[in-house]
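Asker: Next up is a structure, given as structure tokens.
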Amino acid sequence: GLCLLSNHHKHSVTELEVLSSYGSQVRRKVIDRCFIDEDGALWIVDYKTSSPQPHENKEEFVARESALYSTQLLDYKMHLASLFPDARPIRVALYFTCYPYLQELIL
């Protein structure tokens, strides 16, 4: 978790507010954490404070939450890719505060 919050990353931003338009609607989005790592990849990280159900193990919980939030993260990824069309790799992940655990999603 501390690595995510480090200000040693290039262009690290917490609570990045972006606006996007869908037809005639403008939507406000807040991305929990963005930064550029040492390899030049742009990371989009969404923090999750949820907890597993009593019957779920860690793997089941992470899989369920990943499926639940993959559309949201894909939307963030596509939006930032349109704002920064420099062909830099964009990586997305969920960070689960209850474990702590970072799960990268391949989208």
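The values are calculated or read from the model by the stated rules, or taken from the named source; none is laboratory data. Computed from a predicted structure; not experimentally measured. Heavy atoms of the whole protein, side chains included, go into the accessibility calculation; ligands, DNA and RNA do not. Shrake-Rupley method; radii C 1.70, N 1.55, O 1.52, S 1.80 Å.
Asker: With every protein chain left in place, what is the accessible area per residue of the chain in square angstrom, probe 1.4 Å?
Answerer: Numbers: 6660 Å² over 107 residues.
Heavy-atom SASA per residue in the chain reads 62 Å².
Asker: Can you compute log10 of I(q)/I(0) for region 2-107 with the Debye formula, treating each Cα as one identical point scatterer, at q = 0.18, 0.23 Å⁻¹?
Answerer: -0.91, -1.31
Asker: So what's the back-of-envelope 222 nm ellipticity for the chain, counting only DSSP H runs of four-plus at -39500 (n - 2.57) apiece and dividing by all residues, rounded to 500?
Answerer: Estimated from H runs of four or more residues: -9000 deg cm²/dmol.
Asker: Mind pulling the angle between the C-alpha long axis of helix 58-83 and the longest principal axis of the chain? Nearest 10 degrees, somewhere in 0 to 90.
Answerer: Tilt of helix 58-83: around 0 degrees.
Asker: In a Gaussian network model over the chain where Cα atoms closer than 10 Å are linked, find which of LEU42, LEU74, LEU83 has the largest mean-square fluctuation.
Answerer: Of the options given, LEU83 has the highest mean-square fluctuation.
Asker: Here's something else I'd like to know. What's the carbon and sulfur percent of the chain's accessible surface, probe 1.4 angstrom, rounded to a whole number?
Answerer: 56
Asker: If you don't mind, there's one more thing I want to ask. Dimensions of region 47-86 along principal axes (Cα, Å, largest first)?
Answerer: Principal axes ranked by extent give 43, 15, 13 Å for the Cα atoms.
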